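The structure appears right after this line, and notes come after that.
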Amino acid sequence: MREELAYVAGLLDGEGYIGIARMARDQYKHGVNYTPMVKLVSTHEPLVSYLIERFGGNRSHRVFPSHRNSRDAFEWGIRSRRRVLPFLKQIRPWLRVKADAADVVIGLCESMGRWGCNGMSDEEFQRRTRLWEDLRRLNHRGRPPAETEREDTLHTAG
């Protein structure tokens with residue numbers, strides 16, 4: 001069991017995503033709701049089937065017709081506090097690359113309680129917004145945006 005959890009943590013570290021989905025809807029008290037999520041994409045469909053059997057969740061199939069040599073990809077995902085929290089707590093001891101992201105999402109899940117987004121206070125909504133922003137920074141790919149504008153990159157009308 002421990003080896004299996006370490007294996008899944010390694011897969012998630014390398015090919016997965018731990019995040020918070022931000023969904024805007026008019027019926028939400030604050031107009032926005034935050035939902036924890038975990039995803040993994042693989043070209044090996046039996047891996048996705050294994051994850052669903054072992055941890056539950058959903059599958060989607062991605063086809064890339066514009067890339068002649070690409071293989072189909074299969075995505076496994078879990079959303080909701082009820083599924084994400086126990087999963088992350090199980091694999092957290094073995095995460096290396098995504099440990100900080102897991103800690104942020106675990107913190108969100110533990111603060112959610114059993115209420116939906118309509119039962120949260122303004123302070124809790126602001127705290128969840130900060131967690132979402134923190135996680136966006138942690139999950140950012142590529143170079144960080146420039147902090148200042150360089151004169152040689154400024155365009156002036158002339």
Distance in nm between pseudo-label sites at H61 and T43 (7 Å out along the Cβ direction from Cα): 1.7 nm
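Dipole of region 2-141, Cα-centred, from +1 at each Lys and Arg C-beta and -1 at each Asp and Glu C-beta, to the nearest 20 debye?
Around 180 debye, computed over region 2-141.
Which order, highest average first, do 98-104, 77-83, 43-49 follow once you tally other Cβ atoms within 10 Å for each residue and take the mean per peptide?
Values: 98-104: 18.6, 77-83: 16.9, 43-49: 14.0.
Listed from highest to lowest mean packing, they are 98-104, 77-83, 43-49.
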Applying the Karplus parametrisation 6.51 cos²θ - 1.76 cosθ + 1.60 with θ = phi - 60° to the phi angles of region 131-140, what ³J(HN,Hα) value in whole Hz is obtained for each residue in order, glycine and proline being reported as x? 4, 4, 5, 4, 5, 4, 5, 5, 8, 4
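Roughly how big is region 69-114's charge dipole about its Cα centre, with Cβ charges of +1 (Lys, Arg) and -1 (Asp, Glu), in debye to the nearest 20?
Dipole of region 69-114, to the nearest 20 debye: 200 debye.
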Could you rank the peptides 12-19, 52-59 by their average count of other C-beta atoms within 10 Å per residue, with the highest value first? 12-19, 52-59
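Once you have the Cα-Cα distance between R96 and T129, take 0.36 nm times their residue separation minus that, and quote the gain in nm to one decimal.
On the way: separation 33, 0.36 × 33 = 11.88 nm, distance 2.48 nm.
Computed gain between R96 and T129 is 9.4 nm.
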Distance from a point 7 Å along Cα→Cβ of S121 to each backbone N in region 76-98: keep the residues under 13 Å and list them by number. none
Two pseudo-spin positions, 7 Å from Cα along C-beta at E75 and at E110, lie apart in nanometres by 2.9 nm
For V32, residues with placed amide H under 5 Å, excluding near neighbours: R25
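The numbers here are math on the coordinates, done by the rules we state, and not lab data. Please read all numbers here as calculations on a predicted model, not as lab measurements. Heads up, the Cβs are rebuilt from the backbone with ideal geometry, glycines too, and the neighbour counts pull from every protein chain shown.
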